[in-house]
Amino acid sequence: MINSSDLTLTAIGADIKRKNADTLILGVLKKDDKVSIAASPLAAETTAALEQSLLTLNVAGSADEVTLLPAVDGTKVKTILFIGLGVKDLGELTDEKLRRAAGSAARQLSNAKTAIFALPADSIEQVAAVAEGVALGSYRYENFRSKKNDKPVLTEAFIATAVATSKDLPSLLKRAAVIGRAVRGTRDLINAPANILYPESFASAVKDHSKSLPLKVTVFDEKRLTKEGFGGLMGVGGGSVRQPRMVKVEYSPSKAAKHLALIGKGITFDTGGISIKPAAGMHAMKSDMSGAAAVYNTIAAVAELGLDLKVTAWLCLAENMPGGASTRPGDVLTMFGGKTVEVLNTDAEGRLVMADGLAAASLEKPDVLIDIATLTGAQMLALGLRTAGIMGNEQVRDDLVAASDAVGELAWAMPLPEELRPTIDSQVADLANIGERMGGMMTAAVFLEEFVGETNGQKIPWAHIDFAGPAFNEGSAWGYTPKNGTGSQVRTLVAFAEKMSGTR
């Protein structure tokens with residue numbers, strides 16, 4: 001269920017004349033009325049002729065623009081794919097724009113198992129950006145088609161660069177491959193239909209995938225959840241015939257000096273429960289487990305990279321259905337750890353399962369707690385469909401935003417206004433599960449903060465990521481981002497873990 005396909009990434013010298021491949025990828029930019037092929041490895045005369053052809057075809061060099069032409073003399077490829085770099089000159093080409101161009105080319109490739117990416121890559125950082133873009137862009141999901149696409153998938157990418165012999169490149173290429181697998185694996189879980197991916201099968205997929213990694217997996221079934229007082233998970237999942245699960249995944253290297261805990265929302269389908277959602281668009285609620293998919297694949301990547309950091313992932317898995325045993329509006333749930341919550345809206349269920357996860361993770365007193373969830377529609381109203389909101393302890397929040405910026409993901413630091421806390425007071429319980437409607441993204445975070453534990457009399461450093469918009473792309477594909485499951489925030493979390501371990 002989690003993507004097992006792989007992609008080989010290899011750096012080669014800039015002289016590509018004798019390299020066999022199906023397709024050669026070249027970058028295009030346009031300034032004024034001149035089309036240029038950036039860092040062309042072809043002979044000057046051949047390059048000039050191709051540039052004239054592209055000008056005749058009105059190629060604009062814009063991001064995601066592809067043009068396919070037959071191969072030319074001096075190469076051993078079958079076709080040449082030109083990808084717009086989205087800039088007018090190379091001085092504007094950031095690593096992220098390069099990453100997106102490589103990813104867009106990989107995503108739009110057809111009939112190519114092998115390709116040479118001869119994009120501007122004069123430094124090891126640029127090579128890493130191209131490699132990561134290729135690893136993110138080469139993705140296809142057709143697990144449930146009776147007739148598979150007969151076009152080949154890219155399996156081997158050669159990155160042409162003058163720094164191919166650098167001793168630092170192998171580790172960067174390995175990292176790009178690991179990140180690519182983690183993001184593709186996250187997308188696979190998100191894209192799986194809810195009749196296939198539900199709490200029990202999600203837990204089984206994690207156990208199967210973890211067998212080849214130094215990970216310990218513990219699955220809490222409904223009997224254990226009930227016995228140990230996980231009232232949020234049992235309250236949300238009680239209305240479904242597919243009972244909830246808590247999956248704890250541990251990576252514990254012997255030299256680890258710090259401990260990072262990750263909590264992921266795993267609502268495998270969200271009808272809203274008794275407070276049922278409108279039918280239009282409900283099919284996309286199979287993606288409400290994107291947080292759990294992201295934290296599992298993050299810990300898998302951390303294990304593959306061998307970071308000296310203890311990481312524990314808590315996957316809070318439930319299906320929110322309007323069954324006879326569903327939680328009703330007005331019911332009171334006792335969460336893990338003893339706090340009580342009045343459920344005023346059963347469609348505000350994610351914070352209930354996450355509260356159990358935060359409370360359980362806090363007992364181990366990690367150095368940092370991070371939770372991630374497709375939590376609120378308010379996140380999309382505030383920040384749109386591509387930018388995640390990050391709240392919590394200012395240091396952790398800002399470090400996460402910095403990690404996001406570094407890897408090219410979009411995130412924005414948001415406050416936790418003190419006036420929102422009284423709005424989640426309840427008349428009959430410790431808390432209500434909804435409060436002030438305005439600023440609902442932040443109100444949900446204020447609720448979650450109530451379940452963050454303490455160490456040495458201080459709140460454990462904690463941050464909350466709400467990525468309801470970025471997790472699932474219902475619009476057109478762009479850059480290395482496909483339609484549907486995106487794998488958003490995995491790269492941010494891995495980068496944060498790398499910094500915490502002292503690797504970056």
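Full extension of the segment from K483 to A413, taken as 0.36 nm per residue of separation minus the current Cα-Cα distance, would add 22.6 nm. Sequentially through segment 247-255, phi angles give Karplus couplings (6.51, -1.76, 1.60; θ = phi - 60°) of 10, 9, 10, 10, 10, 10, x, 5, 9 Hz, Gly and Pro residues having no value and appearing as x.
Pairs of C-alpha atoms in segment 134-273 farther apart than 22 Å represent 57 percent of all such pairs. Peptides 65-76, 482-493 ordered by packing proxy, namely the average of other Cβ atoms within 10 Å per residue, highest first: 482-493, 65-76.
Residues R242, R437, ordered by accessible area of protein heavy atoms at a 1.4 angstrom probe radius and largest first, appear as R437, R242.
Residues in segment 164-219 average 42 Å² of solvent-accessible surface per residue, probe 1.4 Å, ligands and nucleic acids excluded.
Other residues lying with their Cβ under 10 Å from the Cβ of L109 contribute a combined charge of +2, Lys and Arg counting +1, Asp and Glu -1. Tell me, how many Å apart are the Cα centres for segment 58-96 and for segment 454-471? Taking the Cα centre of segment 454-471 as reference, the centre of segment 58-96 is 42 Å away. Structure note, pairs K167/K258; K339/K459; K174/K499; K174/K207: Cα-Cα distances above 20 angstrom occur for K167/K258; K174/K207. The residues of segment 332-458 expose, per residue, 41 Å² of accessible area to a 1.4 Å probe. Across the accessible surface of segment 225-264, with the other protein chains kept in place and a 1.4 Å probe, carbon and sulfur atoms take up 50 percent.
Under the rule a/c < 1.5 gives rounded, and otherwise a/b versus b/c splits prolate from oblate, where does segment 273-338 land using the Cα gyration tensor? It comes out oblate by the Cα gyration axes.
Solvent exposure of M380, expressed as accessible area, is near 70 Å², computed with a probe of 1.4 Å over the protein chains only. Which label marks the calculated value of Rg and Dmax of the Cα atoms in Å, given the options (1) 24.9, 88; (2) 21.6, 73; (3) 23.8, 80? Recomputing Rg and Dmax of the Cα atoms in Å here gives the entry labelled (3).
A straight Cα-to-Cα reach below 24 Å connects K151 with the lysines K19, K76, K78, K113, K483, residues fewer than 8 places away in its own chain not being considered.
Summed over the residues of segment 1-137 and divided among them, the accessible surface reaches 43 Å² per residue at a probe radius of 1.4 Å. Which one, V178, Y141, Q126, projects farthest toward the positive side of the charge dipole computed for segment 72-190 from Cβ point charges (K/R +1, D/E -1)? Positive-most Cα among the choices belongs to Y141. Note on segment 282-437: with neighbouring protein chains present and a 1.4 Å probe, carbon and sulfur make up 51 percent of its accessible heavy-atom surface. Only helices enter the 222 nm calculation for the chain: every DSSP H run of n ≥ 4 contributes -39,500 (n - 2.57), and dividing by all residues gives -10000 deg cm²/dmol, rounded to 500. Tally up the carbon and sulfur contribution to the accessible surface of segment 10-65 as a whole percent, 1.4 Å probe, everything protein left in place. Carbon and sulfur: 49 percent of the exposed surface of segment 10-65.
The values are calculated or read from the model by the stated rules, or taken from the named source; none is laboratory data. Model, not experiment: these values are computed from the prediction. Positions of Cβ are generated from backbone atoms using ideal geometry, with glycine treated the same way; all protein chains shown enter the neighbour counts. Accessible surface is based on the protein model in full, side chains and every heavy atom, while ligands, DNA and RNA are left aside. Shrake-Rupley method; radii C 1.70, N 1.55, O 1.52, S 1.80 Å.
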